[in-house]
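One structure is given here, and the rest of the page talks about it.
Bear in mind that the values in this text are calculations on the coordinates, not laboratory data. Note that the coordinates shown come from a computational prediction; the quantities given were computed from them, not determined experimentally. As a convention, Cβ positions derive from the backbone with ideal geometry for all residues, glycine included, and neighbour counts pool all protein chains shown.
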């Protein structure tokens, strides 16, 4: 996991526990949502990388942008 949500993507720490099915079903398995990430004067690295990869994890779902089934 990231040491700080607004920090560099290579500054990570081990997760405290494994992701569970409960995390997946309650949508608590991602990097979270913080209003500050959208109001920052400089975009956070995680926001830039999400956009670069076209993950469509921020904002409303985009059915036209989906990863291949194996991903």
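Each label point was placed 7 Å from the Cα along the Cα-to-Cβ direction; for residue 22 and residue 10 their separation is 3.6 nm.
When only Cα pairs below 8 angstrom with a gap of at least 6 residues are kept, segment 1-56 shows a relative contact order of 36 percent. As a rough footprinting exposure proxy, the listed residues 37, 1 were ranked by other beta carbons within 10 Å of their own, and the order from fewest upward is 1, 37. What share of Cα pairs, in percent, lie more than 15 angstrom apart in segment 1-56? Within segment 1-56, distances greater than 15 Å cover 58 percent of Cα pairs.
Of the peptides 4-14, 44-54, the ranking by mean beta-carbon count within 10 Å, highest at the top, reads 44-54, 4-14. Ranked by how many other Cβ atoms sit within 10 Å of their own Cβ, fewest first, the residues 38, 27 fall in the order 27, 38.
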